[in-house]
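Nothing in this text is a laboratory measurement; each read-out follows from the coordinates by a stated rule. Just so it is clear, the structure is predicted and the values come from calculations on it, not from any experiment. Quick reminder, even Gly has a Cβ in these numbers, built from the backbone with ideal geometry, and neighbours come from all protein chains shown.
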Amino acid sequence: MNITNKVKKINLLRLFFFLVLVVFFLFLLGQALVPGGRIVYERRPGRDNFFIKKLTPAERVAIAGKEEAVIGDPAYFSLFVPRTFDRATLKLKFRPVGGNPIVEAGLLADRKNWRYELRPLENRHLDDLAGWEALSGNGLTLFQKKKIYGSVDAFLKKPPPFDAIAAYNYELKTAYAIAGYAPQKEPRTIGVPLRGSFQLYAYIKNEPLKFSFVYDDLNENLDRDDIDIFVFRGGEKKGEWLIKDEGLAEGGKTIDRNKKARIEIGDLPEGAYKVEFKARDDIVVRKIETGQHRLAFAGPLWLAQSDASSTTLFTDSREVSAKTMNPASLAEAKIGDEKLTIAETFKQSSVLSGDGLKKTVWPKSDVIISGDGLWSFGEGSFFNPQAKKIGRHFSAADEMVKFIIADYTPPRREGEWLVNEAAFDLRNAYRENGRFTFLISVPGLRADDGIVDKVEIGGIEIILEGKTLAEKLGEAWDEIKK
């Protein structure tokens, strides 16, 4: 072989490697820019993926070779996106093992309150309903023990009595009314300190919706501790307030005491209203002053550290859970006729306490309590404007429930696996360093209870959709021209 041919071969080899590098660079550029506005990322069990990270924490995930399973609720994974997108569709291939009837997926929407938008993947209570009539419409499914309605629309326009309805993944718009209710003139004060965010329901009739929150800012971190307060009725926003934090005073992390946040709305029709108090854990509401006397709180509730010998609440929760991060708060609480022992820090303890309203006594503060019902600080003030939920302890034999309304699509079967999709709006979701946080929730699943149950994961696929590169460049050009 002469020198000329050798040079030609070397040049061809160089050209080949250069083209490979160009193609690889263009591939990476395409992955980052996604010019078409749509891309699919996929992760298989036991394999690392640059975009979809592995499930965590380690104590709630079992990995053996290429097999992966969620063994504790919840498990998390993050998604890295190189650019902004509007929508994400999570496609999960999974296989439940054991008796946990519900599997859900979620996206972190608000880091301040660690609030996840949850979507259903499986609800065996609904999948296994036998003898119930099922109707679809308006994006919903109506189940009836006995056929009364001919369509979902007819049900929504003229619903049955409130206590005959159960709901799943849907907020019923049915007007809730308390027979014989009359407002009281004397104001009411709740003096149990609550830390961080909470939600409450208030019932009003011929009276303003009025609250004053007296709070401390612990200033344990340097972030601004703004407070957001929202009022809703049937999913419709009725009011919004932003209480801005002035920042740390000179001298460092001193506690700002007895600050106030007030809200008031008049001329509202009779009914139940939801008040969302959104704040970081630096905020401790020491006192709630209000003219409303029918009040019920939705958990979780963080009973902040106080000098009280005990705290009494009433709840209609069938299952009650509690945990604490404070070793001094380990104790035994009384839930109706049952006992709930908080024996370890950072570990949630639960107890089933039966149906109906029951008294609960918490001997220590600095405890986070939750349940599948609502809570009140007085037996006479309790009410529950929510439709019964199709949670993990639901029974189709419940004689009161005759109708179930659900925003739910059952999973489909692919061989030995179940597959379902969950769609999320990314435009207002929380994103940090290019990453979104997702979770897989299996209510009641615990890794330390000695029960052989889990949800095996066969694959995670995420479809991202948004504006094309041309649309983004057009928007940028429009901004430049302004």
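Structure values in brief
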| item | result |
| --- | --- |
| Cα-centred dipole magnitude for the chain, charges only on beta-carbon of K, R (+1) and D, E (-1), debye, nearest 20 | 1420 debye |
| Square roots of five times the Cα gyration tensor eigenvalues for region 26-164, Å | 37, 22, 15 |
| Restraint check, 146/454; 323/454; 274/364; 147/358; 157/358; 91/158, Cα-Cα greater than 31 Å | 146/454; 147/358; 157/358; 91/158 |
| Across 244/389; 93/237; 173/278, pairs whose alpha-carbon gap is larger than 27 Å | 244/389; 93/237 |
| Gain on full stretching of the segment that runs from residue 205 to residue 63 - 0.36 nm per residue minus C-alpha separation | 45.5 nm |
| Added length on full extension, which subtracts the Cα-Cα distance from 0.36 nm per residue, residue 395 to residue 264 | 43.1 nm |
| Long-range HN-HN contacts of residue 245 with modeled amide H, under 5 Å | 225, 226, 227 |
| Fully extended contour minus Cα-Cα distance, from residue 49 to residue 184, at 0.36 nm per residue | 42.6 nm |
| Backbone HN-Hα couplings from phi across region 156-171 [Karplus 6.51/-1.76/1.60, Hz, Gly and Pro as x] | 5, 6, 9, x, x, x, 4, 6, 8, 10, 10, 9, 9, 6, 7, 9 |
| The chain - share of DSSP beta bridges that are antiparallel (%, nearest 5) | 95 percent |
| Distance (nanometres) between label positions extended 7 Å along Cα→Cβ at residue 338 and residue 153 | 4.4 nm |
| CD proxy at 222 nm, helix term only [per DSSP H run n ≥ 4: -39500 (n - 2.57); per residue of the chain; nearest 500] | -3500 deg cm²/dmol |
| Cβ-based charge dipole, the chain, positive-most Cα from 321, 396, 138 | 138 |
| Hull-based mean projected area of region 175-293, where the convex hull spans the alpha carbons, in square nanometres | 7.7 nm² |
| Kirkwood hydrodynamic radius of the chain, from inverse mean 1/r over distinct Cα pairs, in Å | 25.7 Å |
| Only Lys, Arg (+1) and Asp, Glu (-1) charged, at Cβ; region 100-185 dipole about Cα centre in debye | 380 debye |
| Mean Cβ count within 10 Å, highest first, over the residues of peptides 153-160, 375-382 | 375-382, 153-160 |
| Förster radius 45 Å - calculated FRET efficiency between residue 379 and residue 328, Cβ distance, rounded to 0.05 | 0.95 |
| Set of aspartates and glutamates with alpha-carbon distance to residue 205 below 12 Å, sequence-local pairs under 8 removed | 267, 270 |
